[in-house]
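The values are calculated or read from the model by the stated rules, or taken from the named source; none is laboratory data. This is a predicted model, so every value here is computed, not measured. Note that each Cβ is placed from the backbone with ideal geometry, even for glycine, and that neighbours are counted across all protein chains shown.
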Amino acid sequence: MRRERLIRERRERRALRVRKRVRGDAERPRLSVFRSHRHIYAQLIDDGVGKTICASSSRVVCGEYGGTVEHAGKVGTDLAEKAKALSITKVRFDRGRYRFHGRVKALAEAARKSGLEF
């Protein structure tokens, strides 16, 4: 029980370390990434208002299982297309508590390739 609490607290501290430097606004929303075991989720957030502008996930884009690097790339492309439709081209990338490699990196590179700047 105590070990689980320590692990949760460490995760929260890692996320806060990144988020204290990354703030989104109307001009440059924050691209936040959440990675679970089976799926990956990304959303654009305007922190000034506290609203999600648009979102994408491997559940929607890929179906039942979306835990691969290829699926993460599809999510990044889908989110960039939705952002372009809303005339958003510049974002701030928030990797959260995750390292910038694997699925998180694939999502970011696909979003960059599809026209988002960060």
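Out of curiosity, is Ile45 touching a Ser or Thr at 6+ places or on another chain (Cβ under 9 Å) and either of a type in the set (A, V, I, L, M, F, W, C) or in a helix (DSSP H, G or I) (or both)? Criteria met by Ile45. Residues that are buried (at least 18 other Cβ atoms within 10 Å of the Cβ) and among the small types (Gly, Ala, Ser) within segment 97-115 comprise Ala106, Ala108, Ala110, Ala111, listed in sequence order. Counting the residues of segment 88-117 that are among the basic types (Lys, Arg), without any contact (Cβ under 8 Å) to a residue 12 or more places away in the chain and in a loop (DSSP other than H, G, I, E, B) gives 1.
Selection of first residues in segment 1-23 that are free of Cβ contacts under 8 Å to residues at least 40 places away in the same chain and of second residues that are in a helix (DSSP H, G or I) and surrounded by fewer than 10 Cβ atoms within 10 Å (Cβ to Cβ), restricted to Cβ pairs under 8 Å at least 6 apart or on distinct chains, gives an empty result.
Table: residues versus (1) at pLDDT 90 or above; (2) in a helix (DSSP H, G or I); (3) among the aromatic types (Phe, Trp, Tyr); (4) within 20 Å of Arg97 (Cβ to Cβ).
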site	(1), (2), (3), (4)
Glu4	yes, yes, no, yes
Gly24	no, no, no, yes
Val33	yes, no, no, yes
Ala72	yes, yes, no, yes
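Is it fair to say Ser58 is touching a residue at least 60 places away in the same chain (Cβ under 8 Å), under 22 Å from Ala15 (Cα atoms) and either among the acidic types (Asp, Glu) or surrounded by 22 or more Cβ atoms within 10 Å (Cβ to Cβ) (or both)? It is false that Ser58 is touching a residue at least 60 places away in the same chain (Cβ under 8 Å), under 22 Å from Ala15 (Cα atoms) and either among the acidic types (Asp, Glu) or surrounded by 22 or more Cβ atoms within 10 Å (Cβ to Cβ) (or both).
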